[in-house]
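Below you'll find the structure, written out as structure tokens, and then a few comments.
The values are calculated or read from the model by the stated rules, or taken from the named source; none is laboratory data. Values in this document were obtained by computation on a predicted structure and should not be read as measured data. Counting neighbours? That spans all protein chains shown, and the Cβs are built from the backbone with ideal geometry, glycine included. Just so you know, the surface numbers come from the protein's heavy atoms only, side chains and all, with ligands and any DNA or RNA stripped out. Shrake-Rupley method; radii C 1.70, N 1.55, O 1.52, S 1.80 Å.
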Amino acid sequence: MIKKILIANRGEIACRVIKSARKMGIATVAVYSDADANALHVHKADESINIGAAPSKESYLVADRIIEAAKKLNVDAIHPGYGFLSENAAFAEKCKQNDIIFIGPPTSAIEAMGSKSAAKHIMEKAGVPLVPGYHGDDQSESLLKKSADDMGYPVLLKAAAGGGGKGMRLVSSETEFKEALAAAKREANASFGDDTMLVEKYLTQPRHVEIQVFCDQHGNGVYLFERDCSVQRRHQKVIEEAPAPGLSDDTRKQMGEAALKAAQAIDYVGAGTVEFLYDKDGSFYFMEMNTRLQVEHPVTEFITGEDLVEWQIKVAQGQPLPKTQNELTIRGHAFEARIYAEDPDNDFLPSTGRLTLLHPPQENKHVRVDTGVLEGDEVSVYYDPMIAKLVVWDEDRDKALQRLLKALREYYIDGVTTNIEFLYNVAASKPFGEQDLVTTFIEKNKHVLFADEVEPDVEKLPMMAALLLLVEQQQTMKFASDPTSPWSLPTSWRANEQHEQILKLHYAGKDFELNVRVLNDGQTGVTTNTWQVSYQSNQWMISGQLSEHSLQVNLDGHRQRFTWSEKNNQFVIFAADEAYHFTHYLPDLGVEDDVDSGQGFNAPMNGTVVELLVEPDNVVEKGTTLMVMEAMKMEHSIKAPARGKVTSFFFKAGELVDGGAPLLEFEEDE
Ligand code: ADP
């Protein structure tokens, strides 16, 4: 029996494991780095122990330190969560050697899935469908090219040792092959010290559909259906859902059984996920198996009503699976949106800082928020900048989607830039609503997702004007020193004789100037203004009311309600179809173009320098990419905030950089 579990992780996943352990009456131990001494997971656990300095390679990734802590505190089992040591076979083995149960699969299963080509060989033998392609030992260029020619272009070259999209090249035609192969090999060598390549047929419109499998130590296995994770940015999931829309029961069964075959081929035990590419014509192909609990497991929990962490613990202590395949059913539909501290409009650059406001939507039977942070916490450069997972459920996809939109509108965060508005735009977009899911979803729909890519729509301007005018009116009232003075009456609004004003705003990459006139000037007893707003030949009459997050606008007699938020004069109005993002240009101040993300020239997180793109002392224009860093599996561009020159770079390509470290020195041109 497991009586005490140490969770070798942090943040929301540590909190998540603690929740199930507590429910089962099992004591918990949290580990923490110096940066996490006051973190939520530490408070939630029964005991906690410091395992080192802030950088993960000095704490959460140090297997020996974690084992030592586990032995000192007499734990029976270690749950690795995901990330960190969760797929590290050596760590699993160390647990075993120290008589500590590793809550995960056997070492051999982790190892078997470590190489893409080895995994493919195993799956091929087990009869699991593979993407057509070549994954053999003969690595001669002529043979690789011949297999590409034979299967037909486009093809994808992949590093066998790959991960995070590295060493991967798309080849559209025969003429590109040679160069692409050389580039993929170079990258694979640099990243993994191994340039073994696979050639795969490139599917142009696939979906990412993955199957949750579970096996116990007695030879039983089940699948808990699928998740669609097609909405990805740079191969990282953004919104996941279960079940996969439009999947037939037949296909579901075939995929489930294929996934189980995959698991059984490596004598799997515990929770695992088999990832497939699902093609338009209904065929599906094995991609890889993740030998751990996935970030997106809560959508499966919502539709099956099962607690997967509880299952993991039961299986780890030798109990049979809690349910058989026939006892498992799908109920309703669930979505998960990953709330990140990042800036989607600046290449998803992680954003760091203090969470000065953290107000998630109310949790209930439809809404679940898995988080590992509290208001006042710091989102640091050291770890993944995920703030929370927002998970919603309802009886069908449309209803669940409405729940998701509502919950996103009610998620208030300040202090860091977040992706909430971007998630809202994804969820509210027509293709998402119509289930037009493909792995290229974000690229394909960027014109409705990113603030600077959307097509401006003048019909949205009066809503923006209403918000700005109401905010201004509220401030005038708030700051009026004497509430009885005519200056503080909302109808008087401004010491401007004509009661005319120009509102300047920046929206969808363009500047707009709106003319505003107050119409109900001089009327006594009127507490709200009516404005006439015009832009070129358009004219609207607006009035409205404002509260902390809610905006009610009466536009030419049509009353509508929205939620809104503001940060540094950047406003967002959440409408049913889209979040309108705009900047208010304050009179006299002008507004700088937001090229510098505000993070200066410091590394956004621990990572590697990929490339230096300019020569020191050469003058470059504002916005030029100076260097590229890779962190958290993503590349981040560091850009010139103004015309000027780099006087020195502090790192070379390939070097490791600690989060927060200065990267370069830049001198602006006078
Ligand atoms: P990595 O391990 O480097 O992340 P994967 O093999 O898991 O690489 O693939 C990552 C993503 O690349 C997939 O989720 C999918 O979006 C895309 N992808 C991979 N293989 C193919 C393919 N054959 N055709 C089209 N897209 C692919």
Next item on the list: Kindly indicate the residue of the stretch 169-179 that is open to solvent by 70 Å² or more (accessible area, probe 1.4 Å) and touching a Leu at 6+ places or on another chain (Cβ under 8 Å) and also farthest from the ligand (Cβ to nearest atom) among those meeting that condition.
Entry: Arg169
Notebook entry, point to check: Looking at the stretch 47-66, is at least one residue out of contact with any Ser or Thr (no Cβ under 7 Å at 6 or more places or on another chain), farther than 19 Å from Asp377 by Cβ and open to solvent by less than 10 Å² (accessible area, probe 1.4 Å)?
Noted result: yes
Check: Looking at the stretch 160-168, is at least one residue within 15 Å of the ligand (Cβ to nearest atom) and not in a loop (DSSP other than H, G, I, E, B)?
Finding: no
Margin query: Criterion first (in a loop (DSSP other than H, G, I, E, B) and among the acidic types (Asp, Glu)) does Asp99 satisfy it?
Written below: yes
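This table checks each residue for (1) open to solvent by less than 30 Å² (accessible area, probe 1.4 Å); (2) within 26 Å of Tyr412 (Cβ to Cβ); (3) assigned by TED's automatic domain parsing to the domain that holds Ala337.
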| residue | (1), (2), (3) |
| --- | --- |
| Asn425 | yes, yes, yes |
| Ala428 | yes, yes, yes |
| Pro431 | yes, no, yes |
| Thr439 | no, no, yes |
| Lys444 | no, no, yes |
| Ala465 | yes, yes, no |
| Leu468 | yes, yes, no |
| Gln473 | yes, yes, no |
| Thr476 | no, yes, no |
Note to self: So, in the stretch 112-151, exactly how many residues are touching a residue at least 40 places away in the same chain (Cβ under 8 Å), among the basic types (Lys, Arg) and open to solvent by less than 60 Å² (accessible area, probe 1.4 Å)?
What the structure shows: 2
Item checked: All positions within the stretch 275-304 that are assigned to a loop (DSSP other than H, G, I, E, B) and under 23 Å from Ser248 (Cβ atoms) -> Asp279, Lys280, Asp281, Gly282, Ser283, Glu296
Next item on the list: Could you list all residues from the stretch 197-231 that are polar (S, T, N, Q), at pLDDT 95 or above and under 29 Å from Ala631 (Cα atoms)?
Entry: Gln212, Ser230
Notebook entry, point to check: Residues of the stretch 138-159 being more than 16 Å from the ligand (Cβ to nearest atom) and in contact with a strand residue (DSSP E or B) (Cβ under 7 Å, 6 or more places away or on another chain), which ones?
Noted result: Gln139
Checklist line | Residues that are near the ligand (Cβ under 10 Å from one of its atoms) and touching a helix residue (DSSP H, G or I) at 6+ places or on another chain (Cβ under 7 Å), drawn from the stretch 185-208 | finding: Leu198, Val199, Lys201
Margin query: Out of everything in the stretch 268-300 that is touching a residue at least 12 places away in the same chain (Cβ under 8 Å) and out of contact with any strand residue (DSSP E or B) (no Cβ under 6 Å at 6 or more places or on another chain), what residue ends up being farthest from the ligand (Cβ to nearest atom)?
Written below: Gly270
Notebook entry, point to check: So which residues in the stretch 1-25 are assigned to a helix (DSSP H, G or I) and at positive phi, if there are any at all?
Noted result: Gly11
Next item on the list: Exactly one condition in (1) open to solvent by less than 30 Å² (accessible area, probe 1.4 Å); (2) within 19 Å of Lys504 (Cα to Cα) is not met by Val553; state its number.
Entry: (2)
Notebook entry, point to check: Here are some residues: Ala182, Ala265. Which one is more than 30 Å from Pro344 (Cα to Cα) and either within 15 Å of the ligand (Cβ to nearest atom) or buried (at least 17 other Cβ atoms within 10 Å of the Cβ) (or both)?
Noted result: Ala265
Notebook entry, point to check: In the stretch 112-135, which residues are away from the ligand (no atom under 16 Å from the Cβ) and assigned to a helix (DSSP H, G or I)?
Noted result: Lys125
Notebook entry, point to check: Out of curiosity, is Gly272 in a helix (DSSP H, G or I) and either in contact with a Pro (Cβ under 9 Å, 6 or more places away or on another chain) or surrounded by fewer than 24 Cβ atoms within 10 Å (Cβ to Cβ) (or both)?
Noted result: no
Check: Got a sec? Which of Val373, Val392 is open to solvent by 20 Å² or more (accessible area, probe 1.4 Å), among the hydrophobic types (A, V, I, L, M, F, W, C) and in contact with a helix residue (DSSP H, G or I) (Cβ under 9 Å, 6 or more places away or on another chain)?
Finding: Val373
Check: Mind checking whether some residue in the stretch 175-195 is in contact (Cβ under 8 Å) with a residue 12 or more places away in the chain, part of a loop (DSSP other than H, G, I, E, B) and either touching a Phe, Trp or Tyr at 6+ places or on another chain (Cβ under 9 Å) or under 20 Å from Ser86 (Cβ atoms) (or both)?
Finding: no
Item checked: Residue in the stretch 306-328 that is part of a helix (DSSP H, G or I), within 30 Å of Thr28 (Cα to Cα) and open to solvent by 30 Å² or more (accessible area, probe 1.4 Å) present -> yes
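Each row is one residue, and each column tells you yes or no for (1) over 18 Å from Phe214 (Cα atoms); (2) within 28 Å of the chain's Cα centre (by Cα); (3) at pLDDT below 95; (4) of a type in the set (Lys, Arg).
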residue	(1), (2), (3), (4)
Asp99	yes, no, no, no
Ser108	no, no, no, no
Ala119	yes, yes, yes, no
Ala126	no, no, yes, no
Tyr153	yes, no, no, no
